[in-house]
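Let me begin by presenting the structure, written as C-alpha cells, before commenting on it.
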Amino acid sequence: MVAPLYCALTIIDTTGLFAMWTKLIIVAFLAIIVYNLGAGLYYMMTDKSGSDRVVKALTRRIGLSVLLILLVILGIWLGIIQPHDLGR
C-alpha cells in the first residue's frame with residue numbers, strides 16, 4: 001500500500017507583521033507632526049520679516065493630523081486595527 005502524499009501548506013501569520021507596520025506608520029506620522037509643530041514654533045520666534053513659514057508648518061501639521069485620524073478610522077473599519085474594549 002502506498003502512503004498518500006500530503007501537500008504541506010504553510011499558512012503565514014501576517015497579523016504580527018500588520019501590527020508592526022501599523023505601529024511604525026502611526027509613530028512616523030506622530031514624529032512628523034511634532035517636528036512640524038516645533039518648526040512652527042521656531043519660525044514664529046526667529047522670523048521677524050513676517051514670512052509665511054509659520055503658517056505653512058502649522059498647515060502641514062493640521063493636514064497630517066487629519067490624515068492620521070482618517071487612516072486610523074480606515075484601519076479600524078478594515079479590521080487592521082482592533083480597538084480594545086476597555087470600559088465595557
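Observations on the model:
- When the range 32-61 is limited to residues that are among the basic types (Lys, Arg) and in a helix (DSSP H, G or I), the one that is surrounded by the most Cβ atoms within 10 Å (Cβ to Cβ) turns out to be Arg61.
- Residues (at pLDDT 85 or above and over 16 Å from the mean Cα position of the chain (by Cα)) located in the range 1-46: Leu37, Gly38, Ala39, Gly40, Leu41, Tyr42, Tyr43, Met44, Met45, Thr46
- In this entry, Ile76 passes the filter for residues that are out of contact with any Cys (no Cβ under 7 Å at 6 or more places or on another chain), hydrophobic (A, V, I, L, M, F, W, C) and modelled with pLDDT under 90.
The values are calculated or read from the model by the stated rules, or taken from the named source; none is laboratory data. These numbers come from a predicted model, not from an experiment. Virtual Cβ from ideal backbone geometry, glycine too; neighbours counted across all protein chains shown.
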